[in-house]
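First comes the structure, then the notes that go with it.
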Amino acid sequence: MLSESMTTAVVRLHRWDEIALEKVTEMLSRKIVTGERGMLAQVYLKAGCVVPMHSHESEQMTYILQGALRFLVGGEEITVREGDARRDIVLGSDPLAIGRDPQNDITLDDRRVSRKHAEIRLRLGRYTLYDLQSTNGTYVNGRRVAEVVLADGDRLSIGGVELEFRASD
């Protein structure tokens, strides 16, 4: 029950199929829902579309439903593919377990990934990647490996997921 002194709130329901598709350019269309402090958009880009540098008042979050998108952020080019969620994990002295099993430090929901697929360990002051006899292998920079000392910029491929190793200064 609301008393007269309480503020009322409004909840709006938006259905994407009821929102008009706005053609921004020949290569870009969008559907937008705006609120007082934020915006949510479905953006449709044709292959080869280039979006000019721009900014938003609020933080921008992007989730790719189909295809891939290349961003230039702080001078670094980042490619995000459908289903990707980018996050950084700071490595320490404890081993980092990677695999399909939810008990791993990094869980990869991909049938090509073994339950206990790989592990990154600090060894003699350097991080080393170990394949744990996975069914489909672990790849670094396109080469299948059993064990390898990681270097800054190395690309680790496990199943259909690509991870990038960044050494801190």
Among Arg144, Arg126, the single one that is modelled with pLDDT of 95 or more, surrounded by fewer than 18 Cβ atoms within 10 Å (Cβ to Cβ) and of a type in the set (Lys, Arg) is Arg144
When (1) modelled with pLDDT under 90; (2) open to solvent by 100 Å² or more (accessible area, probe 1.4 Å); (3) farther than 30 Å from Glu18 by Cβ are applied to Val73, the one that fails is (2)
Considering segment 76-93, residues that are among the hydrophobic types (A, V, I, L, M, F, W, C) and not in a loop (DSSP other than H, G, I, E, B), and then whichever is modelled with the highest pLDDT, we arrive at Val80
The correct count of residues that are more than 13 Å from Ala118 (Cα to Cα) and either in a strand (DSSP E or B) or of a type in the set (D, E, K, R) (or both) in segment 144-157 is 4
Condition check: farther than 30 Å from Glu119 by Cβ, at pLDDT 85 or above and among the small types (Gly, Ala, Ser). Does Ala97 satisfy that? no
If we take segment 94-143, then strands (runs of 3 or more DSSP E) inside it with 2 or more residues that are over 22 Å from the mean Cα position of the chain (by Cα) are 118-123, 126-131
Worksheet item: Do we find a residue being out of contact with any Cys (no Cβ under 9 Å at 6 or more places or on another chain) and open to solvent by less than 40 Å² (accessible area, probe 1.4 Å) anywhere in segment 81-90?
Response: no
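The values are calculated or read from the model by the stated rules, or taken from the named source; none is laboratory data. It should be emphasised that the depicted structure is a prediction, and the values quoted were computed from it without experimental measurement. For neighbour counting, all protein chains shown are included, and Cβ atoms are generated from backbone atoms with ideal geometry for every residue, glycine included. These area figures cover heavy atoms from the full protein model, side chains too; ligands, DNA and RNA do not enter into them. Shrake-Rupley method; radii C 1.70, N 1.55, O 1.52, S 1.80 Å.
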